[in-house]
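Q: There's a structure below that I have some questions on.
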Amino acid sequence: MIPKFTELKDKTIVITGGGGILCGEMARALAAQGAKVAILDLKLENAEAVAVSIKKDGGNAIGIEANVLEMESLHAAHQTVIDTYGYCDILINGAGGNHPKGTTSKTHLEVEDLSADGDFTTFFDLDPAGIKFVFDLNFIGTLLPTQVFAKGMVGREGCSVINISSMNAFTPLTKIPAYSGAKAAISNFTQWLSVHFSKVGIRVNAIAPGFFLTDQNRSLLTTAEGQLTDRGNTIISQTPMGRFGNPEDLPGTLLWLCSDGAAFVTGVVIPIDGGFSAFSGV
Ligand code: NAD
């Protein structure tokens, strides 16, 4: 049961990647508090689907097409938000993810891999374009929306930015060097920006979800038949609470970070991970 955070009522909240699984759930939870939620996504139909589901439940939401990597697109989205709801009070930088081209096939490199004719990607085969895609989507895709939406927060009360980090920012996960590096950059940027914005009334924090089954990791964690892969099994065995996260596990922490109860909290990265980051494996 999530309590009411009355201060969130009528706040304008922008959530990038809001058409996705985790951020769609966050958008619904914020709207249930009475916030006006602008759902930005590369895929307009996904953003609109979340907005429609919110409106069906009596909430206030709008779906807006936006690319977090293009300033022009973000400025257009910003104008739509201002015209519809007014200036953004809270920005959630949710768009992000990994890409197969930034991923090695195997956990460890073996000497024989270099002469093998196998259909797999070693570290030496990683495509710089794939690495750049992942860095840009996660890091630049957080920085640019913050430049666009946080400017209007300067000097106003109750404003904040929430970034989305990951377990791999604390300790890199095998096979995904680009995504791990990019999310480490998000945690680092969260701390940097919290200091930079500390005199102008904008708090900056991040949540670091553990393992949640969504489209971006489904093929790494489950087979086509829906069974757990070796990696999926390893994750469950390393998660003290013994399960993947459910999207509904996120809003409690998110709402608190957005609320007045967190008025003296800035520059933190909070794991929501069933204990994964606390467990050494022994
Ligand atoms: P998702 O793929 O369901 O959602 C991501 C959304 O971002 C999609 O709707 C997609 O269309 C949108 N998007 C992609 N590129 C975009 C762009 N250039 N501009 C605007 N929107 C764009 O993924 P999710 O699992 O819900 O992930 C949400 C966030 O949580 C991501 O930042 C992800 O890295 C992070 N995260 C996820 C997990 C997990 O276990 N799923 C764990 C830790 C962190």
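No lab work stands behind these numbers, since they all come straight from the coordinates. On a predicted model such as this, the values are computed, not experimentally measured, just so you know. Every residue, glycine among them, receives a Cβ derived from its backbone with ideal geometry; neighbour counts consider all protein chains shown.
Q: Can you tell me how much longer the chain between residue 80 and residue 110 gets when fully stretched, taken as 0.36 nm per residue apart minus their C-alpha distance, in nm with one decimal?
A: Full extension from residue 80 to residue 110 adds 5.5 nm.
Q: Just rank 282, 195, fewest to most, by other beta-carbon atoms within 10 angstrom.
A: On the way: 282 3, 195 11.
Ascending Cβ contact count within 10 Å gives the list 282, 195.
Q: If you average the alpha carbon positions of segment 121-179 and of segment 71-118, how far apart do those two centres end up, in angstrom?
A: The two parts, judged by their Cα centres, are 7 Å apart.
Q: Can you give the longest stretch of the chain with no exposed loop site, where a site means GluC sites (Glu not before Pro) in a DSSP loop (not H, G, I, E or B) with at most 15 other C-beta atoms within 10 Å? Please report the intermediate quantities before stating the final value.
A: Working: sites that count: 70, 110, 157, 225.
After excluding every exposed loop site, the longest remaining stretch is 1-69.
Q: If each DSSP helix of 4+ residues adds -39,500 (n - 2.57) and the sum is divided by the residues in the chain, what number results at 222 nm, nearest 500 deg cm²/dmol?
A: Per the formula, -10500 deg cm²/dmol.
Q: Same structure again: Roughly speaking, what is the stretch gain from residue 71 to residue 215, that is 0.36 nm per residue apart minus the C-alpha to C-alpha distance, in nm to one decimal? Walk me through the numbers before you get to the answer.
A: Details: separation 144, 0.36 × 144 = 51.84 nm, distance 2.61 nm.
Residue separation times 0.36 nm, minus the Cα-Cα distance, leaves 49.2 nm.
Q: Output wanted: per-residue J couplings in Hz (rounded whole) for segment 98-115, from phi through Karplus 6.51 cos²θ - 1.76 cosθ + 1.60, θ = phi - 60°, x for Gly and Pro.
A: 9, 9, x, 6, x, 10, 7, 6, 10, 5, 10, 7, 10, 3, 5, 4, 5, 9
Q: HN-Hα J couplings of segment 160-168 from phi, Karplus 6.51/-1.76/1.60, θ = phi - 60°, integer Hz, Gly and Pro as x?
A: 7, 10, 10, 9, 10, 9, 6, 4, 5
Q: Shifting gears a bit: For residue 192 and residue 237, calculate 0.36 nm times their separation in residues minus their Cα-Cα distance, and state this gained length in nm to one decimal. Intermediate values should be presented prior to the final figure.
A: Working: separation 45, 0.36 × 45 = 16.20 nm, distance 3.39 nm.
12.8 nm is the gain from fully extending residue 192 to residue 237.
Q: Now for a separate question. Among 82, 164, 235, 39, which comes first, then next, by fewest other beta-carbon atoms within 10 Å?
A: 82, 235, 164, 39
Q: Still on this structure: Select from segment 64-142 those chymotrypsin sites (Phe, Trp or Tyr not before Pro) which occupy a DSSP coil region and have at most 13 other Cβ atoms within 10 Å, ordered by residue number. Display every interim value, and only then the final one.
A: On the way: sites: 85, 87, 120, 123, 124, 133, 135, 139; in loops: 87, 120.
Sites meeting the loop and neighbour criteria: 120.
Q: Here is a follow-up. If you add up the charges near residue 89, with Lys and Arg at +1 and Asp and Glu at -1, over every other residue whose beta carbon is less than 15 angstrom from its beta carbon, what do you get? Write out the running numbers ahead of the final one.
A: Values: positive: 9, 11, 36, 151, 156, 203; negative: 7, 10, 157, 260.
Neighbourhood net charge equals +2.
Q: So which lysines can residue 151 reach, going by Cα to Cα under 18 Å and dropping same-chain residues fewer than 8 places off?
A: Candidates past the 8-residue exclusion: 11, 199.
Q: Could you put 57, 119 in order, starting from the residue whose Cβ has the fewest other Cβ atoms within 10 Å?
A: Ordered from fewest to most neighbouring Cβ atoms within 10 Å, 57, 119 come out as 119, 57.
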